[in-house]
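What follows is a set of notes on a single structure, which appears directly below.
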Amino acid sequence: MLSAGSNRIASLDLMRGVVILMILVININYFSTPSLLRYNPLAFGEFSDVDKWTWFFEYAFVKQRFMTMLAILYGAGIVLFANKYIKQGVSPTKPFILRSLLLIMFGLIHAYLIWDGDILVAYALCGLIVYWLRNIKPVLLISIGVILAFGATSPDIYASMLAIVNPPETSPYWFADAETQEQMLTAYQGSWWQLTPERVERAISRQSWDFLYFTLWRCAGLMMIGMGLINTGFFSGERNHKVIMWWCLLIGVPVSALTAWLYIESGFSYQFFMSYLSVSFYIGGLVLAMGYLCLFIVWSQSNFAKVLQSLMAQVGRMAFTLYIMQSIICGFIFYGYGLDMYGKVSRSELTLVTLAIWVVQILFVKLWFNYFKQGPLETLWRKGYSWGQR
């Protein structure tokens, strides 16, 4: 479905809007909570029932599901970008390379000055690779993409299956002593400058070894799936999405929910985490992400909540700006150079903080689009690669 008067696909903007808001549900934990508590919430002591339900929702239905969707949408966007120039009789290669280099620049600024969890550099690099494959037959693109996406996680899936047969001993890391807890809880105290060396070190690790070992293959594979899907007319409503949606949801939801619930019932057992939960996470995540994609396409083709559809599409058109804005806001709330709330907010309280940030961002989007046609960073990005073509 093309939006009126443009070559944009309305469902892509809508999905991008939902995704950029939902990834904050997970990313805010990286800003606010020691890494051990994200996987074993009992590591520091008690965990309330409300916090358990919050953790259950995030791990079963959100974590990696929406990041998977974002990579697929980025791949679809590569094809749309190229086709726009081809229709004008212009080669898309130079503007795409300039566009990607600019995204790398933005990502490096984000990673080294704001938050080491940046994904922009990885997306730009993967995009530069898969761009050259966009004209391969869709079935081949999707097939190779699935192989790469699952291949990146295959060592972990294999290790998890071995752990089912031969449960490992609980790692000493799984429960932290008082001194370790204190170190984790005070890790982000200090000024921006004092936190910089650690942030730089983590960013380098993510953009070197982590990228080569995992992110490159996973993201490139997901982008290829996105390119293949858009070339089949998948995002334009030319396929029976309801059948795919129901199959993916009927498989993905029970598998994800059951294993997450059993993990809670096990008392956040290390053995269960390393085995059954990991297998369902890696496999169920992609299945559920595809179910969500179809669900949002079906929604975009319906008349249900049209006002909300329009709002999410506007949010999607400013996804780049909102992503960076989320990092700035979260850094201010949780790090020592701001409100210093790191490790002091419970899982359920983080939900309220997330909702508050959503409200601020949605109000910003509505206000901005009253006066401008593009988001601020989107405008800067587009002008940058447009200027570079002169």
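The values are calculated or read from the model by the stated rules, or taken from the named source; none is laboratory data. Note that the coordinates shown come from a computational prediction; the quantities given were computed from them, not determined experimentally. We place every Cβ from the backbone using ideal geometry, glycine too, and count neighbours over all the protein chains shown. All accessible areas refer to the heavy atoms of the entire protein, side chains included, with ligands and DNA or RNA removed. Shrake-Rupley method; radii C 1.70, N 1.55, O 1.52, S 1.80 Å.
At a glance:
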read-out: Residue that is least open to solvent (accessible area, probe 1.4 Å), among those in region 238-268 that are without any contact (Cβ under 8 Å) to a residue 24 or more places away in the chain and not in a helix (DSSP H, G or I); value: Ser266
read-out: Hey, Val130 of a type outside the set (Ser, Thr, Tyr), surrounded by fewer than 17 Cβ atoms within 10 Å (Cβ to Cβ) and assigned to a helix (DSSP H, G or I) or not; value: no
read-out: Output for region 344-386, where each listed residue is outside any helix (DSSP H, G or I), open to solvent by 50 Å² or more (accessible area, probe 1.4 Å) and either free of Cβ contacts under 8 Å to residues at least 24 places away in the same chain or farther than 22 Å from Met318 by Cα (or both); value: Lys344, Asn370, Tyr371, Phe372, Lys373
read-out: First in region 70-91 and over 11 Å from Gly127 (Cα atoms), second anywhere and loosely packed, with under 15 Cβ neighbours inside 10 Å and at pLDDT below 95, Cβ under 7 Å, 6 or more apart; value: Lys84/Asn7; Tyr85/Ser91
read-out: Members of region 42-57 found to be open to solvent by 10 Å² or more (accessible area, probe 1.4 Å) and within 16 Å of Thr259 (Cα to Cα), listed by number; value: Lys52, Trp53, Thr54, Phe56, Phe57
read-out: Members of region 310-329 found to be under 14 Å from Lys366 (Cβ atoms), open to solvent by less than 20 Å² (accessible area, probe 1.4 Å) and small (Gly, Ala, Ser), listed by number; value: Gly316
read-out: Top-ranked residue of region 93-118 - restricted to ones that are open to solvent by less than 30 Å² (accessible area, probe 1.4 Å) and not hydrophobic (A, V, I, L, M, F, W, C), ranked as farthest from Ser327 (Cα to Cα); value: Pro95
read-out: Filter pass, Met290 being modelled with pLDDT under 95 and crowded, with 19+ Cβ neighbours inside 10 Å; value: yes
read-out: Candidate set: region 275-286, residues that are among the hydrophobic types (A, V, I, L, M, F, W, C) and open to solvent by less than 40 Å² (accessible area, probe 1.4 Å); chosen: the one farthest from Ala260 (Cα to Cα); value: Leu286
read-out: Test set (1) open to solvent by 40 Å² or more (accessible area, probe 1.4 Å); (2) without any contact (Cβ under 8 Å) to a residue 40 or more places away in the chain; (3) assigned to a loop (DSSP other than H, G, I, E, B); (4) farther than 23 Å from Gly117 by Cβ - Val307 fails condition number; value: (3)
read-out: Failed condition for Leu73, given (1) among the hydrophobic types (A, V, I, L, M, F, W, C); (2) at pLDDT below 95; (3) in contact with a Lys or Arg (Cβ under 6 Å, 6 or more places away or on another chain); (4) farther than 30 Å from Asp177 by Cβ; value: (2)
read-out: Residue satisfying condition, being out of contact with any helix residue (DSSP H, G or I) (no Cβ under 8 Å at 6 or more places or on another chain) and either open to solvent by 30 Å² or more (accessible area, probe 1.4 Å) or part of a helix (DSSP H, G or I) (or both), within set Phe332, Phe272, Phe296; value: Phe332
read-out: Hey, Met341 outside any helix (DSSP H, G or I), modelled with pLDDT of 95 or more and open to solvent by less than 80 Å² (accessible area, probe 1.4 Å) or not; value: yes
